[in-house]
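In what follows, a single structure is set out as structure tokens and then discussed.
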Amino acid sequence: MKALIDSTKIDVGVVLKKQKIGRIPWTTIEKRPQKNITYYELFDKNDASIPRITYAVKTDTGKTWLKVEVSMARFLYGSNVHEVRPADIKPFFNKLRRFLADSLGLRLSEIPLIEQCEVEKLHLCKNFKVGVWLRDYLRVLSGISVPGYKLNPYHAAGCRRQEGVVWKRGKSVIKCYDKQEEIKQNKSYRNKEQLLKQADGVLRFEVELSPYEMRKQSPRRLAGELFDPSFITQVLQQKLSDLGVDKPLKTSALDSMINRINQQNWSTRTKNSLIAFLTLLRHEGEGYCKATYSRSAYHSNYNKLKSLFKTEKIVFSDIDLPPLKLGKLNRKKKGLSPSTIETDGTAKTKKQPNTSIPPDPETKQR
């Protein structure tokens, strides 16, 4: 199965000497006297694929810590539209370790194995290519409640077009959104035109694990245990099941048609006129519309709708949206690395065991 991990923040056990700190070309140095902490940061503000290194020194106690934040897909492939595979995890650990050594001017042996480091943040993800049904999925998702989570649909600035849905419970977060719209609004993407084409019709599904959820898999939150493809697959599948989207979803034909009209590059007046005509057609029928509209207005509206929906007759019936399911994890014959075979969002998959994570004691009363 492709996808798995989007971004992560890892605590790396490295202590830098004062002389070494002074020789590193930090991007920013920030002193916070009230907390007796100095933060040294190394990043590329024009390239989000480069990991962000933060080194902190507690000036009163001398305590230090180093953290690196990175998007796995961007680091390996240059963009997080490209989905990573289980076979990418080990090369990712190796590449990140080498990057830290080179960036900090250290020997590779001075950087601990990444799989033995503590994970502070872990975001999992999956791209579903749903095409023209993207708005329908978002509309249905915006009405789904998950026990214990706060539901928050959000729209594009200045219009009614829905761009995503967020469910949040403490630090545990589930997101579904229009990936293409996210790319349009994010200035940090390179090769934007190419990425926009790749992200057309992509529904992005993300899970941000809370510290409690990570400790259920790994008490010490070790990268080697949390970056386990089986664990990640089970979590993603369970979250999809919690939303109920791993089964076919019903959506109203009228709502779907209205969404299609709103997506067109027509004037607001034209859209509103067609939506009013379509709604009347659905609830009152053709006869009523013919009696209400002039002959020319009726046929103008009806023909425009026929052209848009590519049909000879406007018919209203509920639509079954395909379930959102993960592809099958496939292990090749001996001697080869694990790989994945994936068909699409509707691919059948073996039933996963119940891997639901019990509510976080700190948030279950919310």
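Every read-out reported here was derived from the displayed coordinates using simple, explicitly stated rules and does not represent laboratory data. All figures in this text were calculated on a predicted structure; none of them were measured in a lab. Every residue, glycine among them, receives a Cβ derived from its backbone with ideal geometry; neighbour counts consider all protein chains shown.
Assorted remarks:
- With only the Cα atoms considered, the range 253-317 has a convex hull volume of 82 Å³ per residue.
- Listed values (i) 0.97; (ii) 1.20; (iii) 1.14 include one computed from this model; for Cα Rg over 2.2 N^0.38 Å that value carries the label (ii).
- Taking the charge dipole of the chain about its Cα centre, with +1 at Lys and Arg Cβ atoms and -1 at Asp and Glu Cβ atoms, the residue from 24, 124, 207 reaching farthest to the positive side is 24.
- Number of Lys pairs (Cα under 25 Å; 8 or more positions apart or on different chains) in the range 235-324: 16
- For the residue pairs 17/45; 17/192; 9/168; 35/95; 126/150, the C-alpha atoms sit more than 29 angstrom apart in 17/192; 35/95.
- Relative contact order of the chain, taken over Cα pairs closer than 8 Å and 6 or more residues apart, is 17 percent.
- Dipole magnitude (debye, nearest 20) for the chain, charges at Cβ of Lys, Arg, Asp, Glu: 340
- For the range 151-284, the C-alpha radius of gyration divided by 2.2 N^0.38 Å, with N the number of residues, is 1.37.
- Listed residue (91, 49, 34) projecting farthest to the positive dipole end of the chain, Cβ model: 91
- Only helices enter this figure: runs of n ≥ 4 DSSP H residues, each worth -39500 (n - 2.57), summed and divided by the residues of the chain, yield -10000 deg cm²/dmol at 222 nm to the nearest 500.
- About its Cα centre, the dipole of the range 253-317 is roughly 200 debye, where the only charges are +1 on Lys and Arg Cβ and -1 on Asp and Glu Cβ.
- What the phi angles of the range 88-96 give under the Karplus curve with 6.51, -1.76 and 1.60, with θ = phi - 60°, is a coupling list of 7, 5, 5, x, 5, 4, 5, 5, 5 Hz, glycine and proline written as x.
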